[in-house]
Amino acid sequence: MKSGFVAVVGRPNVGKSTLVNRMVGSKVAITSSRPQTTRNAIRGVVNGPEPTSPEYQIILVDTPGVHRPRTELGNRLNSIVYGTLAESDAVLFVIDATMPIGPGDRLIAERLVKAGADSVVVAVNKVDAASKKATVEQLVEAADWPFQEIYPVSALTGEGVPDLVAELAARIPEGPMYFPEGMVTDQPEILVIAEIIREKFLDRLHEELPHSLVVRVKEVEERDNGLVDVIAEALVERDSQKGIVIGKGGSLIRDAGTEARLELEALLGAKVNLDLRVAVEKDWQRRPQMLDRLGFESG
């Protein structure tokens, strides 16, 4: 069979995680309209063309959006991307059909060329939301890059995605089945839980605050009766942010917690008691030791 790793790269908020989830056929990465939603290299597994008797296994590595870093966390997120490129058999470069190709896209294209990435496929995403004129303009400009194939797709509707998957499958080498049938991600359960909780806060918060929020799961324990207790902290950087995350009368944390609990119950197949609290870790994005403790690799 054919098997290999495909790095999924692009600037923030182009829909990389939504596209990965669509190709995998299951939610393996959280999504949000907020940039820098993805903060880890997340692997999603695509077995095909028939999942029960696969001829190929594509391991998609969803990466953080490449951006101009302003904190130590930003530096580490960019390092994740460039480290992933070096270990991949192919690259899926995602751009946004609803926005003009900009400096961020061009920077990534230049990095891919300099890195010698010789198997790059470009996906022009969000064609469902873009005019035909805008999509054509993106395709024409992307054609100037020295990459072999360009696919217009919609992660939201699935348009063009089967052809994109087939193209990626054609570009990976012969190899073993890295993940057993039915396994769609290798993320540790505690990380999945933390990210689901963080997702529920993202679109409820405004301005810069989403970047200052991280969720730390302190305990996951199943009782004898099957109920799963989850104790988690939403960490922010300043005391002034704590009240915003809690919301008036506790409304924001209550709503986010309820939505997270329901999704966790579906994930774990059990009733969940979610104990969600808010704590302050001053300037955690800029503190290397704190980033180490939170699991952000230094590259």
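The values are calculated or read from the model by the stated rules, or taken from the named source; none is laboratory data. For clarity, every value in this text was computed on a predicted model and none was experimentally measured. Cβ sites come from the backbone with ideal geometry, for glycine too, and all protein chains shown count toward neighbours. Just so you know, the surface numbers come from the protein's heavy atoms only, side chains and all, with ligands and any DNA or RNA stripped out. Shrake-Rupley method; radii C 1.70, N 1.55, O 1.52, S 1.80 Å.
Scanning the stretch 47-57 for residues that are modelled with pLDDT of 80 or more, surrounded by fewer than 21 Cβ atoms within 10 Å (Cβ to Cβ) and not hydroxyl-bearing (Ser, Thr, Tyr) yields a count of 5. Here GLN138 meets each of (1) open to solvent by less than 20 Å² (accessible area, probe 1.4 Å); (2) of a type outside the set (A, V, I, L, M, F, W, C); (3) part of a loop (DSSP other than H, G, I, E, B) with one exception, condition (3). Checking each residue in the stretch 13-45 for being open to solvent by 30 Å² or more (accessible area, probe 1.4 Å) and at pLDDT 75 or above picks out ASN13, THR18, ARG22, GLY25, SER26, LYS27, ARG43.
Of the listed requirements (1) at pLDDT below 95; (2) of a type outside the set (Phe, Trp, Tyr); (3) in a strand (DSSP E or B); (4) open to solvent by 20 Å² or more (accessible area, probe 1.4 Å), GLU207 misses just one: (3).
Of the set (1) in contact (Cβ under 8 Å) with a residue 40 or more places away in the chain; (2) in contact with a Leu (Cβ under 7 Å, 6 or more places away or on another chain); (3) among the aliphatic types (A, V, I, L, M); (4) not in a strand (DSSP E or B), all apply to ILE244 but (1).
Test THR185 against the criterion of being open to solvent by 70 Å² or more (accessible area, probe 1.4 Å), within 22 Å of the chain's Cα centre (by Cα) and of a type in the set (Ser, Thr, Tyr), and give yes or no. In short, no.
Anything in the stretch 159-182 that is open to solvent by 50 Å² or more (accessible area, probe 1.4 Å) and in a loop (DSSP other than H, G, I, E, B)? List them, or say none. Full working, then the answer.
We begin by selecting, within the stretch 159-182, every residue open to solvent by 50 Å² or more (accessible area, probe 1.4 Å); these are 159, 162-163, 166, 170-171, 173-174, 176-178, 180-182.
The answer is GLU159, PRO173, PRO176, MET177, TYR178, PRO180, GLU181, GLY182.
Counting the residues of the stretch 87-100 that are open to solvent by 10 Å² or more (accessible area, probe 1.4 Å) and of a type in the set (A, V, I, L, M) gives 1. Here LEU191, LEU156 are screened, and the one residue that is hydrophobic (A, V, I, L, M, F, W, C) and open to solvent by less than 60 Å² (accessible area, probe 1.4 Å) is LEU191. Residues that are part of a helix (DSSP H, G or I), open to solvent by 60 Å² or more (accessible area, probe 1.4 Å) and either in contact with a Pro (Cβ under 6 Å, 6 or more places away or on another chain) or modelled with pLDDT under 95 (or both) within the stretch 250-281 comprise ALA266, LEU267, listed in sequence order. If the condition is being open to solvent by 70 Å² or more (accessible area, probe 1.4 Å) and either within 21 Å of GLY160 (Cβ to Cβ) or part of a helix (DSSP H, G or I) (or both), then the stretch 108-127 contributes GLU110, ARG111, VAL113, LYS114.
All of LEU227, LEU235 fail the test of being in contact with a helix residue (DSSP H, G or I) (Cβ under 7 Å, 6 or more places away or on another chain), free of Cβ contacts under 8 Å to residues at least 60 places away in the same chain and either closer than 15 Å to PHE201 by Cα or exposed (fewer than 13 other Cβ atoms within 10 Å of the Cβ) (or both), apart from LEU235.
Filtered by the rule that a residue be of a type in the set (Gly, Ala, Ser) and farther than 11 Å from VAL272 by Cα, the stretch 198-233 gives SER212, ALA232.
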